Every structure is written in structure tokens, then in C-alpha cells.
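Below you'll find the structure, written out as C-alpha cells, and then a few comments.
The values are calculated or read from the model by the stated rules, or taken from the named source; none is laboratory data. Computed from a prediction, not measured in an experiment: that's the story for all the values here. FYI the Cβ positions are ideal-geometry reconstructions off the backbone, even for glycines, and counts take in every protein chain you see.
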Ligand SMILES: Cc1cc2nc3c(=O)[nH]c(=O)nc-3n(C[C@H](O)[C@H](O)[C@H](O)COP(=O)(O)OP(=O)(O)OC[C@H]3O[C@@H](n4cnc5c(N)ncnc54)[C@H](O)[C@@H]3O)c2cc1C
């Protein structure tokens with residue numbers, strides 16, 4: 001039975017086993033934990049000779065008491081809170097988050113490290129873009145948003161994951177899609193939509209089988225962490241965990257509050273950047289002779305060729321418009337409802353299912369029947385600071401004027417001639433490609449993310465610009481690379 005499926009008692013046994021099996025024997029009498037981390041000098045170490053005069057004896061006694069007193073103070077103030085059973089749990093690496101970024105980071109850590117993944121509550125909680133709750137912006141729970149994502153991997157766009165070479169990209173792709181050759185498409189505007197998206201929960205199970213007791217999961221919410229010179233302690237409501245290094249992968253909306261509550265000065269931003277998805281209109285291929293972009297089906301998924309504008313703000317896509325979708329704007333009005341399958345939106349999808357939508361879905365997922373005479377023209381647009389943001393409750397509020405300015409600029413310069421232009425420029429759909437929610441300069445100033453820093457933040461909160469492409473897999477590659485590079489340099 002997998003650890004994830006066990007009750008708290010089994011988890012406790014497992015954690016105990018990890019500590020017993022993997023820590024060197026130690027002699028610290030007060031059970032403070034790893035001697036490297038919690039070493040306290042013995043009172044006898046400071047004792048002077050016992051053959052001195054009466055005065056010297058008193059002084060010696062005082063010194064001994066003083067040392068004991070200091071030791072007690074250290075025990076009281078430095079001793080981390082323990083689990084219910086009075087244990088301090090010590091790991092090499094602690095990871096906050098159990099989504100796709102965390103997966104990338106842990107894959108980059110050597111298999112012999114003791115790794116703890118703290119992934120949020122068992123019963124997950126959605127956060128939504130707005131009060132209507134039709135579109136999810138974040139998920140607090142095991143697997144994160146990776147439980148719902150479409151799995152699309154972009155190979156083009158800017159290389160903001162620089163440092164992670166093509167080789168790393170290729171290696172990570174092959175772990176999940178062994179038959180897929182990605183290197184020849186890197187830097188070119190292709191999008192790979194796999195038959196089976198990477199699902200973190202499945203991958204964690206696979207990695208658990210590979211790493212056994214070296215990889216431990218707990219389903220708790222971290223309230224804060226404290227980074228010291230030699231270790232980091234991570235606090236949840238009931239436990240404290242100590243690690244040599246901490247990887248923050250709590251997602252673009254949850255990392256900022258965690259960092260604010262843990263660092264000396266706030267680092268969260270008031271805005272968050274995102275992609276918006278919008279409809280430019282439609283194109284009649286019989287009239288305009290526009291060529292369809294290439295679509296290639298492989299054993300692992302489908303490749304779609306894309307197109308960028310000159311400024312690389314937008315990625316354009318043509319999709320076959322059939323049935324009611326041949327009516328201008330009909331499709332975008334229907335698509336606005338989509339998000340992960342929360343109860344509300346499932347009901348809406350079922351109510352609004354249409355043949356036009358079905359035909360487009362066949363194309364989007366399987367690359368089938370691309371050659372419709374009428375094509376819908378969509379654009380994925382990069383909008384810096386698209387939303388106002390409150391880190392304390394992870395709430396967003398769309399800055400419609402800012403978004404509209406970017407959308408209008410893209411709409412004004414479509415890459416194809418002869419587009420029948422949308423008359424619903426007010427509709428745009430957030431893509432849950434949220435990023436840049438943390439002030440990177442302030443974070444570095446706080447001693448985070450340096451080559452020897454105890455705390456590494458590797459999720460999208462620290463990405464300033466993701467270009468117009470799906471960014472998540474690149475983020476995984478970057479986390480994978482950082483974890484491997486830091487461990488190799490030690
Ligand atoms: C419907 C949908 C489709 C998408 N499709 C694509 C796509 O095709 N391609 C693409 O590139 N992107 C896509 N995305 C975006 C993609 O899902 C996200 O970019 C990605 O999942 C983010 O992963 P993450 O691990 O950084 O964060 P998250 O998935 O948000 O995971 C954060 C993790 O941290 C944990 N956590 C947070 N706070 C705490 C705390 N205080 N204590 C403990 N744990 C905590 C959470 O429980 C969670 O496990 C899509 C998103 C959605 C919603």
C-alpha cells in the first residue's frame with residue numbers, strides 16, 4: 001500500500017523509519033535531532049581544573065551552572081516544536097507543494113537524499129478568479145493544478161528557463177514521453193498536446209516506488225518557515241520539520257503569503273501577470289487561401305504548429321469552426337465557461353454542449369478534422385500585471401483596462417489578411433498561466449535563491465516574463481535543473 005493512502009499512524013511509522021534508517025547514530029542526550037543541526041556543547045567541555053582554591057571552585061561551579069543555564073535556554077528557545085509524538089523530523093530537502101513544479105524539483109534531487117514533500121491538505125481547496133467561480137486560479141491540495149491541466153508543452157518562445165539547456169528539456173520530456181523527440185523543435189513555435197498529460201499524483205506514486213522511504217509525503221499546510229545558518233525549520237499547525245534546504249513550490253498565488261510570513265520584509269507584489277485567451281474573429285479559407293498550420297500525430301500525442309506576432313506578445317492559433325461555431329463570436333461565448341471540473345462548471349458544460357464545441361475539441365485534443373472551410377482565430381496573449389493581487393487571501397481582481405489595451409493591440413495586427421473581426425472584444429478568458437507575484441529583487445535581497453541559499457523559490461511566482469507560450473513544463477525543467485545543479489555543486 002502506498003504511503004499516500006495510509007492513515008496518520010502509518011505515516012508516523014514511516015517517518016520514524018526514515019529517521020531511523022537514514023540518520024547516522026548519534027549521542028545527543030536530549031533528543032534534539034541531527035547532531036549537525038542541533039549540536040549543544042556539554043557542560044563538561046567548559047569545565048576548568050578542579051584543584052583550584054575555594055574562590056576558583058565557586059567560579060567553576062558558577063561557570064558550570066551558567067553553561068547548563070545557557071543549554072536550557074537553547075533547548076527551550078531553539079528546540080523546534082515536535083510532532084504529536086514528540087519527534088523532530090529531519091530531512092535533507094524539504095519541498096513545499098506537491099504540484100508540477102515540486103515534481104520537477106524532486107526529480108532533480110539525488111535519489112539518496114531524504115526528501116519531505118509537504119503538499120497541502122488532503123481535502124483540496126480551489127481558489128477562483130472571481131465570485132462567479134467559473135474559472136479556477138489556484139488549488140491547495142495534493143497534485144496542485146497539475147491534477148487538472150491539459151498537459152500542453154510549448155517548445156518555442158523565449159528561453160527564460162536559460163541555464164536549463166536543451167539537454168535538460170529533452171531528458172525531462174523523455175521521462176514522461178519516451179518516444180518523443182523534442183530537441184529539433186526547441187525554439188520553434190510548436191505545441192505538444194500529449195494523449196496523457198503528466199499527472200503529479202501518478203508521478204509521485206511512481207517516484208515513491210523508486211525512492212521508497214527516502215521520499216515522504218505529509219498532507220499539511222505550512223504556515224511559515226525559519227531559515228537559519230545551518231538549516232531551515234518548516235512549521236505547520238501541528239508539526240515542525242527541519243531540513244538542510246527548502247524548496248518553495250507553493251504556486252504563483254500561495255507562495256507570496258508564505259514568503260511574507262517567513263522573511264524579514266514582505267516580498268509579494270500587488271499585481272500578477274497572466275495569459276489571456278481571446279477570439280480575434282474568423283477566416284474563410286476559400287476566400288483568403290490561408291494555409292493551415294501543420295498538425296502531426298505521434299505515439300505520445302499531437303504536435304500543433306503555432307505562429308507569433310513580431311513583438312512576441314501573442315501566439316495565434318487557427319481552429320476549425322463547424323456547425324454553430326461558423327457564426328461569428330458564437331464559440332468564444334460558449335468557451336468562457338471552461339475551467340477545471342468543479343461541480344458548477346460540469347453542470348454548465350453539460351447544459352451548453354454543442355456540436356461545434358465537440359468538433360473543436362476533437363481538433364484540440366486529437367488534431368482531427370483540421371480542414372474546415374471556416375477557421376476560428378484565437379490568440380494567447382501575454383499580459384504583464386493583468387490582475388491586482390492580495391497575497392493574504394490569494395484573491396485576484398482583473399485589471400480590465402490593462403488587459404483590454406494588450407488585447408486591442410494584438411487585435412489591431414492580425415497575422416492573416418481577410419479576418420472577419422469579432423464584435424465581442426470585451427470577452428477574454430484568463431488562462432491560469434499566473435506568474436510574477438513576487439518581487440524577485442526583494443527576494444534575492446532577503447538571501448533567497450542564491451547558489452548557496454537555504455531557501456529556493458522555483459515556482460511561477462518568480463518568473464518575470466513567460467512570453468506568449470504555455471510555461472509550465474519549462475518551469476518544471478528549470479526546477480529540475482536548479483535542483484540538480486545545486487546538488488552537484490555541493
Ligand atoms: C484547466 C487548466 C489547464 C491548464 N493547462 C495548461 C497547459 O496545457 N500547459 C501549461 O503550460 N499550463 C497549463 N495550466 C497551468 C498549470 O496547471 C500550472 O501552471 C501548474 O500546474 C502550476 O504548478 P505549480 O506546481 O507551480 O503550482 P500548483 O499546481 O498551484 O501547486 C502548488 C502546490 O503547493 C501546495 N501548497 C500551496 N500552499 C501551501 C502551503 N502553505 N503549505 C503546503 N502546501 C502548499 C498546494 O497544495 C499544491 O500542491 C493549466 C491550468 C489549468 C487550471
Going by what's in this entry, would residue 146 be described as over 23 Å from residue 224 (Cβ atoms), within 6 Å of the ligand (Cβ to nearest atom) and outside any loop (DSSP other than H, G, I, E, B)? yes
Mind listing just one residue for me: the one in region 127-141 that is within 6 Å of the ligand (Cβ to nearest atom) and over 17 Å from residue 386 (Cβ atoms) and, of those, surrounded by the most Cβ atoms within 10 Å (Cβ to Cβ)? 139
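When you go through 481, 471 one by one, which is the residue that is more than 27 Å from residue 392 (Cα to Cα) and within 16 Å of the ligand (Cβ to nearest atom)?
Matching residue, one of 481, 471: 481.
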Would region 222-236 turn up any residue that is assigned to a strand (DSSP E or B), surrounded by 17 or more Cβ atoms within 10 Å (Cβ to Cβ), in the same structural domain as residue 388 (by TED's automatic domain parsing) and under 22 Å from the mean Cα position of the chain (by Cα)? no
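Has region 102-110 got at least one residue that is part of a loop (DSSP other than H, G, I, E, B), modelled with pLDDT of 95 or more and more than 12 Å from the ligand (Cβ to nearest atom)?
Taking region 102-110 first, the residues part of a loop (DSSP other than H, G, I, E, B) are 109-110.
The next check asks that each one be modelled with pLDDT of 95 or more; those that pass are 109-110.
The next check asks that each one be more than 12 Å from the ligand (Cβ to nearest atom); those that pass are 109-110.
Yes - at least one qualifying residue is present in region 102-110.
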Sole residue being more than 10 Å from the ligand (Cβ to nearest atom), over 21 Å from residue 481 (Cβ atoms) and not in a loop (DSSP other than H, G, I, E, B), chosen from 169, 217: 217
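Looking at region 356-386, which of its residues are out of contact with any strand residue (DSSP E or B) (no Cβ under 8 Å at 6 or more places or on another chain) and buried (at least 16 other Cβ atoms within 10 Å of the Cβ)?
Residues of region 356-386 out of contact with any strand residue (DSSP E or B) (no Cβ under 8 Å at 6 or more places or on another chain): 356-358, 361-362, 368.
356, 357, listed by residue number.
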Is it true that some residue in region 404-425 is within 24 Å of residue 310 (Cα to Cα), modelled with pLDDT of 95 or more and crowded, with 22+ Cβ neighbours inside 10 Å? no
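Hey, can you tell me all the residues within region 247-278 that are part of a strand (DSSP E or B) and either at pLDDT 95 or above or within 15 Å of the ligand (Cβ to nearest atom) (or both)? Outline the logic, then answer.
Taking region 247-278 first, the residues part of a strand (DSSP E or B) are 247-248, 268, 271-278.
The answer is 247, 248, 268, 271, 272, 273, 274, 275, 276, 277.
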If residue 440 satisfies every condition in (1) in contact with a strand residue (DSSP E or B) (Cβ under 6 Å, 6 or more places away or on another chain); (2) under 18 Å from residue 384 (Cα atoms) but one, which is the exception? (1)
Exactly one condition in (1) under 27 Å from residue 156 (Cα atoms); (2) away from the ligand (no atom under 15 Å from the Cβ); (3) touching a residue at least 40 places away in the same chain (Cβ under 8 Å); (4) in contact with a strand residue (DSSP E or B) (Cβ under 7 Å, 6 or more places away or on another chain) is false for residue 449; which is it? (3)
So, of the residues in region 91-101 that are in contact with a strand residue (DSSP E or B) (Cβ under 6 Å, 6 or more places away or on another chain) and either assigned to a helix (DSSP H, G or I) or more than 6 Å from the ligand (Cβ to nearest atom) (or both), which turns out to be farthest from residue 231 (Cα to Cα)? 95
Of the residues that sit in region 279-295 and are exposed (fewer than 13 other Cβ atoms within 10 Å of the Cβ) and not in a helix (DSSP H, G or I), which one is nearest to the chain's Cα centre (by Cα)? 294
Counting only strands (runs of 3 or more DSSP E) wholly inside region 353-466, the ones holding at least 1 residues that are out of contact with any helix residue (DSSP H, G or I) (no Cβ under 7 Å at 6 or more places or on another chain) and in the same structural domain as residue 225 (by TED's automatic domain parsing) are 455-457
